[in-house]
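Step one of this worksheet: look at the structure below.
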Amino acid sequence: MSGNEKVIVAQGLTKVFNKSLFAVDHISFDVKSGEIFGFLGPNGAGKTTTINMLITILKPTEGEASVLGYDIVKQANEVRKVIGVVPQEYTADEDLTGYENIMLCADLYGIPREIAKKRALELLELVELSQFKDKRVETYSGGMRRRLELACGLINRPRVLFLDEPTLGLDVQTRAATWNYIRRLKEEYGMTVFMTTHYLEEADALCDRVAIIDHGKIVALGTPKELKESLGGDIITISIKENVDVSDLIRSVEHVKDVRNENGFYRVKAEFGEVTAPLIIEALRKNGYTVTRLSLTEPTLNEVYLEYTGRALRDSEESKEAIRMQRLILRRARGG
Ligand SMILES: Nc1ncnc2c1ncn2[C@@H]1O[C@H](COP(=O)(O)OP(=O)(O)O)[C@@H](O)[C@H]1O
Ligand SMILES: [Mg+2]
């Protein structure tokens, strides 16, 4: 499979609820083969609704999309055969063991028992749950549950995997460990992954390309690096020993886009900061100035998010609400 093959293509994809709520509002994007593609946005942005359309459990109101060339409406059955899904809600049965849960997933796909057994053991190995396979899921930590669900999503050997908030509610360390399992799917199996998240660091660390989604619309799309660079570069902070305004001199250096003198500190916006910073030092030195301090900061996805949506994405608050919802769903599902 060529690296440029488009595995998912969406055009004008739209979902309207209750005749007027545009949960997903005319979005277009494509996902290439072997890519980890992320939808980043706050609660209610339309991430789950988008996934649900792509995995054929929700019908679009407008627009179209295909997965591996299969139309999500006209060829929904074909789509289902080639995809794996790990939904946002907890799906594992608490009263069964990890192994039994995976076998249950295999049954849903009609995978013959003998093949299923072999795969289940392989997958438990992949997500490092082999030694806990005969323990009831009730005893699993949040991270272990998520890994088990990942294994379930892989039972039909999908070519494309859909992950809805794969690390929701997990602590930072467990989250980072989960990223490794997802990376391995890409690296060792060449799998294409479409995932959603509202964690900025997750999108940054894990995704090859990120679409920032807000109020059902894609407001920015690119590699994390491109998105950061789209802000117009890095921030270089400089101070010099001499009490002279050197703004114009700094401004004349290549790649410098903006200079502000903030009480003797120069705040410089520049493209290619790691190249430009030495150029600035060189220019100052040539003119007889002594640099006393210099720091280089790259914009984070946080700044990108702020720039495109006009607000910050506060992880903690979003997560608390999401976890509360998660518990509610779980309790309902268990009839509690
Ligand atoms: N079945 C539904 N009926 C009505 N509104 C819905 C339904 N599902 C989602 N929504 C609304 O659509 C918007 C997007 O929701 P969702 O896709 O779940 O967002 P996200 O996954 O990004 O948190 C929200 O305003 C949500 O309340
Ligand atoms: Mg969601």
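Values for this structure:
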| quantity | calculated |
| --- | --- |
| Tally, over the stretch 236-254, of residues that are within 39 Å of the chain's Cα centre (by Cα) and crowded, with 18+ Cβ neighbours inside 10 Å | 4 |
| Test result for GLY34, within 10 Å of ligand 1 (Cβ to nearest atom) and in a loop (DSSP other than H, G, I, E, B) | no |
| Some residue of the stretch 88-111 being within 16 Å of ligand 1 (Cβ to nearest atom), polar (S, T, N, Q) and under 17 Å from the mean Cα position of the chain (by Cα) | yes |
| The stretch 165-178, residues that are away from ligand 1 (no atom under 16 Å from the Cβ), closer than 18 Å to TYR90 by Cα and surrounded by 15 or more Cβ atoms within 10 Å (Cβ to Cβ) | LEU170, THR174, ARG175, THR178 |
| Scan of the stretch 148-202 for residues that are of a type in the set (Ser, Thr, Tyr) and within 16 Å of ligand 2 (Cβ to nearest atom), ordered by number | THR167, THR196, THR197, TYR199 |
| Residue within the stretch 84-98 that is part of a helix (DSSP H, G or I), away from ligand 2 (no atom under 16 Å from the Cβ) and assigned by TED's automatic domain parsing to the domain that holds GLY169 present | yes |
| Subset of the stretch 156-179 [over 13 Å from the mean Cα position of the chain (by Cα) and either over 18 Å from VAL85 (Cα atoms) or not assigned by TED's automatic domain parsing to the domain that holds VAL85 (or both)] | GLY169, LEU170, ASP171, VAL172, GLN173, THR174, ALA177 |
| Verdict on ILE57 being of a type outside the set (Phe, Trp, Tyr) and either away from ligand 1 (no atom under 16 Å from the Cβ) or in a strand (DSSP E or B) (or both) | no |
| Qualifying residue in the stretch 102-117 (condition: within 30 Å of THR14 (Cβ to Cβ), touching a residue at least 40 places away in the same chain (Cβ under 8 Å) and not in a loop (DSSP other than H, G, I, E, B)) | no |
| Given (1) surrounded by fewer than 20 Cβ atoms within 10 Å (Cβ to Cβ); (2) touching a Pro at 6+ places or on another chain (Cβ under 8 Å), index of the condition ILE83 fails | (1) |
| Check on GLY41, within 13 Å of ligand 2 (Cβ to nearest atom) and either modelled with pLDDT under 95 or touching a Pro at 6+ places or on another chain (Cβ under 8 Å) (or both) | yes |
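The values are calculated or read from the model by the stated rules, or taken from the named source; none is laboratory data. Predicted model, so just to flag it, every value in this text is computed and none were measured. Heads up, the Cβs are rebuilt from the backbone with ideal geometry, glycines too, and the neighbour counts pull from every protein chain shown.
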